[in-house]
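Data first, discussion second: the structure below is written as structure tokens.
The values are calculated or read from the model by the stated rules, or taken from the named source; none is laboratory data. Fair warning: this is a prediction, and the values are worked out from it, not measured in the lab. In this analysis, Cβ positions are derived from the backbone assuming ideal geometry, glycine residues included, and neighbour counts consider all displayed protein chains. When the accessible area is computed, the model is the full protein with side chains, heavy atoms only, and any ligands, DNA or RNA have been set aside. Shrake-Rupley method; radii C 1.70, N 1.55, O 1.52, S 1.80 Å.
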Amino acid sequence: MTQDRRPDVTVVPAPAPTPDHVGPLRPRPLPSTDRRVLVMGIVNRTPDSFFDRGRTDSLEKAVAAGLAAGTAGADLVDVGGVKFAPGEPVPVAEEIDRVVPVLERLRRELPHVLLSVDTFHADVAEAAIAVGADLINDTTGLSDPRLAGVVARTDASLVITHSLAEPRRAHPHPVYGDVVAEVREFLAVRVEQALAAGIAPERIVVDPGPDLNKSTAQTLEVLRGWERFADLGHPVLAALSRKDVIGESLGLPAAERLEGSLASAAWVVERGARLLRVHDVAATVRLVRMLEVIRGWRDPEGPLVHNV
């Protein structure tokens, strides 16, 4: 008896699930700021930040704050585990435990938004980059001599900020001869150090450090001379949101400094700032988009029906 034979069938196995990433995560480059201003939302996973006062100290609240910033239009979210102000040192391992879980969640749940970590420790930077950080926001101007090498080796981007004191140390009664010139020279020297370490020029951002080891009068001079920092040839970040320079200028507590923060943001954008680090993302995004429309960098959203 002849047995029926079925034609040969090639069995194609089902594809294996695709992981979120293969191998270590690589930092993503910053977008061009030639015709764009980037908004960076602040997430402080600290119990003692000057404005948040610990409201986002827990993991879930910090992640929720990052997701809210992304929904509100932030281009970047900056996660910090240690405040700039003077205080007792926070162990590196503890700082890593504060920021890394937040970055891991945000990289997975907010893939279209770049991630930054506010740290001056090379070890924290390395751990943060490994889980998805794209930018290291160093408010101490390369106080850790190993930091530039970590950033260079991983192709991350770096914010170099002007400040005079040792990390977490007070610097009462700062004295400058010409504060704008001295801040600019400090940044220029640190940029050369970063370049010598191998960091690509397009991955360097400078921050004049308003309020950081500066009085209100000195910070106001920095704001008046802001164009000098744009001349360095790198994007300039402005971290002015809710700061004391605004509070002392207007006589207002931190909770009432939104309008002053927006006015200050508009001032520095018109003088070359291309990244704004802020607490109030939605309001700042609207400010930035209006400035971009006026400059002709962005088309109006419309509908354009007025007097047509």
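Legend: translational diffusion of region 164-207 by Stokes-Einstein, Rh = Kirkwood radius over C-alpha pairs, 25 °C, 0.890 mPa s; D = 200 µm²/s. Here the accessible area is traced with a 1.4 Å probe on the protein chains. For region 193-308, carbon and sulfur cover 54 percent of it.
Pulled fully out, how much extra length does the chain show between Ala255 and Arg298, if you take 0.36 nm times their separation in residues and subtract their Cα-Cα distance? Before the final figure, lay out the partial values.
Numbers: separation 43, 0.36 × 43 = 15.48 nm, distance 3.15 nm.
Taking Ala255 through Arg298 to full extension adds about 12.3 nm, to one decimal.
If contacts are Cα pairs under 8 angstrom and at least 6 residues apart, what is the relative contact order of the chain in percent? It rounds to 18 percent for the chain. Summarising the overall dimensions of region 80-169 from its C-alpha atoms, the Rg and Dmax are 12.4, 37 angstrom.
Accessible area per residue for the chain is 50 Å², calculated with a 1.4 Å probe on protein heavy atoms, without ligands, DNA or RNA.
Taking label positions 7 Å along the Cα-Cβ direction at both His173 and Ala200, the computed distance is 4.8 nm, reported to one decimal. The mean sequence separation of alpha-carbon pairs under 8 Å and at least six residues apart, normalised by the residue count of region 171-252, gives a relative contact order of 35 percent. For region 86-156, the share of accessible area belonging to carbon and sulfur comes to 55 percent (1.4 Å probe, ligands and nucleic acids excluded). For region 103-151 versus region 268-308, the inter-centroid distance based on Cα atoms is 28 Å.
Evaluating 6.51 cos²θ - 1.76 cosθ + 1.60 at θ = phi - 60° for every residue in region 35-42, the Karplus couplings come out as 9, 7, 10, 8, 10, 10, x, 8 Hz, glycine and proline recorded as x.
How would you classify the chain from its alpha-carbon gyration tensor, with a ≥ b ≥ c the square roots of the eigenvalues: rounded for a/c under 1.5, else prolate if a/b is greater than b/c, otherwise oblate? Prolate is the answer for the chain, as a/c is 1.5 or above and a/b outweighs b/c.
Annotation: lysines with alpha-carbon distance below 16 angstrom to Lys243 (same-chain offsets under eight excluded): Lys83, Lys214.
By its C-alpha gyration tensor, with a ≥ b ≥ c as the square roots of the eigenvalues, how is region 154-303 shaped: rounded for a/c under 1.5, else prolate for a/b larger than b/c, else oblate? Note, shape of region 154-303 comes out oblate.
Of the residues Ala133, Val269, Ile294, the one whose Cα sits farthest towards the positive end of the charge dipole of the chain is Ile294 (charges of +1 on Lys and Arg Cβ, -1 on Asp and Glu Cβ, taken about the Cα centre). In the elastic network of the chain, a GNM with C-alpha springs shorter than 10 Å, the most mobile of Ile136, Ile96, Ile42 is Ile96.
Using r as the Cβ-Cβ distance of Ser58 and Glu88, and R0 as 25 Å, what FRET efficiency do you calculate, to the nearest 0.05? Before the final figure, lay out each step's value.
Details: r = 21 Å, r/R0 = 0.84.
FRET efficiency, Ser58 to Glu88: 0.75.
Stokes-Einstein, applied to the Kirkwood radius of region 179-267 over Cα pairs at a viscosity of 1.002 mPa s and 20 °C, places its translational diffusion at 155 µm² s⁻¹.
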